[in-house]
Protein chains: 2
Amino acid sequence: MFEILQQYISSKANISKADFENIQSVFVPKKLRKKQYFLQEGDVCNRIAFICNGCMRLYRVDAKGTEHIVQFAFENWWITDRESALTKLPSMYNIDAIEDTDMLMTTPEQLDSLSLTIPAFGDMMRQLQAKNFIAIQKRINATLSYSAEEKYRELLHLQPEILLRAPLSMVASYLGITRETLSRIRNKM
Amino acid sequence: MFEILQQYISSKANISKADFENIQSVFVPKKLRKKQYFLQEGDVCNRIAFICNGCMRLYRVDAKGTEHIVQFAFENWWITDRESALTKLPSMYNIDAIEDTDMLMTTPEQLDSLSLTIPAFGDMMRQLQAKNFIAIQKRINATLSYSAEEKYRELLHLQPEILLRAPLSMVASYLGITRETLSRIRNKM
DNA sequence: CGATTCTTTGAAAACAGTCAATCTGTGTGG
DNA sequence: CCACACAGATTGACTGTTTTCAAAGAATCG
């Protein structure tokens, strides 16, 4: 699993072997079965995971019991609840695996301290956050501007991998529409 | 105007007078009239502004000509289009003032270099980005989970200042609903 | 095969959008 | 000081989209 992390890092930043040893040393490998939780609502999140293999989701359950998926994460993505990690308050989100998943786990604090001691790593993390922010802002935009069908078309265009790997009911939840509506849209197209 | 920035910074980070001199030196004061643009769609954004006084909005105009407000910004907020600033590509957003506004302008690059030379300032900026990310994630959540009325109630609860300072048509655009729907919701309550 | 999980379909109801007209308040110029 | 224009907010009637609820139809897995 560490090779995957190494490949990922070396594709994004110029980091020496020695530094990579340091980076590697803060991670712990972990496997999750499909449906297994990484974080449950009510728990404080003090972990962040790098996904080597598999697929996860971050979602919230509303008062009526309906799930709303905020984020999917695949290979070479990071996943955590930043809010709870920052505030140390119980999380309102759940994170679980939607496929059997291999990941490398560490804490946000350890990533921060790596960022300080290895500037190139810090730059990489900042780049990452910036891209993340941009992606999420685009999503706000899509949610505000588009009808159900347009949102689906945009997803098809920008993130087709989600459609290949997540069940349609989760795709619907991610788009903020019902399964039934999504089913009808697909049928029409 | 610089006193406002100084107050803001000293409330968030422990920074010496000398360092503050350095920080101050990269900012240029600028006044915007109501309706004046800070950024127009199609231009590359290479500026970031700290708002000392007034109120601005970041929004997109869709194919039908409808405006969608992504963000409001008030006193002690920063505003920019991170996407265009990072990619150096033309922006798809507009930023303008919805009140006469005093601001302090600089470039993202200068903030980055300050972050490197003054670690406490860098920490502050990272904290800020993290909070920003959390806020925007909550907004995704609201957009996905709530009906028009629930979104309005949440706004009333979490960001009442928007209702006090922005015309209702803009509030509606921010919530992703029409003026008319917002008007009817308010009437009913 | 049987059981679970996921997807589709239909009909009715709720919700929000559209269009057009009216109303309200504010500020400007005669 | 009044009349007018303008921007913003409201209202009503209508249309269209999406949800809801209930049922049935695939697909997957042990």
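Taking a label point 7 Å from Cα toward Cβ, how far is residue A:62 from its twins in the other copies, in nm, shortest first? Its label point is 1.9 nm from the equivalent points in the other copies. Considering only chain A, the C-beta nearest to the rotation axis that sends A to B is found at A:143, 2, the distance in whole Å.
The same position residue A:147 in the other copies lies at 2.2 nm from this copy, comparing label points 7 Å beyond Cα toward the beta-carbon, shortest first.
Net charge around residue A:170, counting only other residues with Cβ within less than 10 Å of its Cβ (Lys, Arg = +1; Asp, Glu = -1)? With Lys, Arg at +1 and Asp, Glu at -1, the net is +2.
Between the alpha-carbon centres of region A:14-92 and region B:1-75 there is a gap of 33 Å. Among residues other than residue B:68 with Cβ under 10 Å from its Cβ, the summed charge is -1 (Lys and Arg +1, Asp and Glu -1). Springs join every pair of Cα atoms under 10 Å in this Gaussian network model of chain B, and among B:75, B:83, B:21 the largest mean-square fluctuation is at B:21. Pairs to check: B:31/B:131; A:88/B:151; B:35/B:64; A:34/A:88; A:151/A:188; A:34/B:138. Give those whose C-alpha atoms are more than 18 Å from each other in this structure. Checking Cα-Cα distances, B:31/B:131; A:88/B:151; B:35/B:64; A:34/A:88; A:34/B:138 exceed 18 Å. Spin-label model, residue B:25 to residue B:87: label points 7 Å out along the Cα-to-beta-carbon direction sit 3.5 nm apart.
In this label model, residue B:180 and residue B:16 are separated by 6.3 nm, measuring between points 7 Å along each Cα→Cβ vector. For residue A:87, the distances from its label point to the matching points in the remaining copies are 3.1 nm, ordered from shortest, with each point set 7 Å beyond Cα toward Cβ. Note on residue A:156 and residue A:127: the model spin-label points, each 7 Å out from Cα along the C-beta direction, lie 3.3 nm apart. Relative to the longest principal Cα axis of chain B, at what angle does helix B:108-117 sit, 0 to 90 degrees, rounded to 10? Helix B:108-117 sits at roughly 50 degrees to that axis. Subtracting the Cα-Cα distance of residue A:116 and residue A:76 from their residue separation scaled by 0.36 nm leaves 12.2 nm. Which one, A:39, A:89, A:155, has the greatest fluctuation when you compute a Gaussian network model over chain A with C-alpha springs under 10 angstrom? Sorting by GNM fluctuation, first place goes to A:89.
Just so you know, all these numbers are worked out from the coordinates, no wet-lab data involved. In this text the structure is predicted, and so the values were computed from the model without any measurement. Reconstructed Cβ throughout: ideal geometry from the backbone, glycine too, with neighbour counts over all protein chains shown.
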